[in-house]
Amino acid sequence: MKTAIASLMLIASAGAACAADAVIAPGPLSAPPAFPARPSPVVRPGPFDAPPAYGPPPFRVYNWTGFYLGLDGGGVLGKTSWGSLPDLTNGDVSNVGGLVGGTIGYNLQAGDSVVLGAEADLDWSGLKATIASASAPSCTTNCQLSMPWLATVRLRGGYSFGGVLPYLTGGVAITHFDASIAGTPFGTQLSDNLGWTAGGGVEFVITGDWRAKAEYLYMDLNGFTCTVACNGGLSLNTRVNVFRAGVNYRLWGD
């Protein structure tokens, strides 16, 4: 009887040891924790040194891998080059406006510090430009150009310093233009334009899965020609500088 009890205790002890040593691997769709714990380096005291009362906590490094959603806002500074076909005049006009919108993206931390990703955003824009009739006589009561929204689809690449990620980015820019003569006596001409964008920024961890960013983008939005709505023919080409800040939330948590 004593032998049987001893055998059962030995088997239970071995099972507990195996359970303690078991490694549970994450599934193929599981994200790593935002802050994976790393064991602290072992510092061995000298023969005359007293050991510390409290050992150092585990060293935690932020992991950027995962999907995220965000909100952003800022301003747009632009310049529109124009040429009036009926008047054979041309020039440039500056424009300025605000923007606000949302972002979706994905990061992959390759190695210890390199972070690669893709990001898309859509923003409402208040950008407007006015071409005075004094510059282009065919714009009888001033020609107007507005950009009610813009979007980008970009790749990102950066080098992380723990919870701080400076990055470069580039891709395509998409926008919608409305052009007309003030008062719209001849209607409005619309155009959806595809251009390119490039820039950079820095993103940093606020707390947990919340991050903040500041970003600059240059966009060449290409051009189009406004005909009847602009009283004959007005070629337009717009380039903008976007300055914005935002917050992102990492969808995979600890």
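The values are calculated or read from the model by the stated rules, or taken from the named source; none is laboratory data. Predicted, not measured: the structure shown is a model, and the values here were computed from it. Here Cβ is always computed from backbone atoms with ideal geometry, including for glycine, and neighbour counts include all displayed protein chains.
Side notes on the structure shown:
- Residue match in the range 217-226 (condition: under 11 Å from the mean Cα position of the chain (by Cα) and over 23 Å from residue 142 (Cα atoms)): yes
- Within the range 134-155, the set of residues being surrounded by fewer than 22 Cβ atoms within 10 Å (Cβ to Cβ) and either within 31 Å of the chain's Cα centre (by Cα) or farther than 18 Å from residue 178 by Cα (or both) comprises 134, 135, 137, 144, 146, 148, 149, 151, 153, 154, 155.
- Yes/no for residue 87 being touching a Ser or Thr at 6+ places or on another chain (Cβ under 8 Å) and not in a strand (DSSP E or B): yes
- Filter result for residue 123 (crowded, with 21+ Cβ neighbours inside 10 Å, more than 17 Å from residue 250 (Cβ to Cβ) and modelled with pLDDT of 90 or more): yes
- Count of residues meeting criterion [over 17 Å from residue 118 (Cα atoms), assigned to a strand (DSSP E or B) and either touching a Cys at 6+ places or on another chain (Cβ under 8 Å) or not hydrophobic (A, V, I, L, M, F, W, C) (or both)] in the range 174-218: 13
- Checked against (1) within 30 Å of residue 61 (Cα to Cα); (2) small (Gly, Ala, Ser); (3) modelled with pLDDT under 90, residue 229 passes all but a single condition, namely (1).
- Between 206, 181, 174, the distinction of being over 26 Å from residue 96 (Cα atoms) and over 15 Å from the mean Cα position of the chain (by Cα) belongs to 206 only.
- Among the residues of the range 207-254, those identified as under 27 Å from residue 185 (Cα atoms) and among the hydroxyl-bearing types (Ser, Thr, Tyr) are 225, 227, 235, 238.
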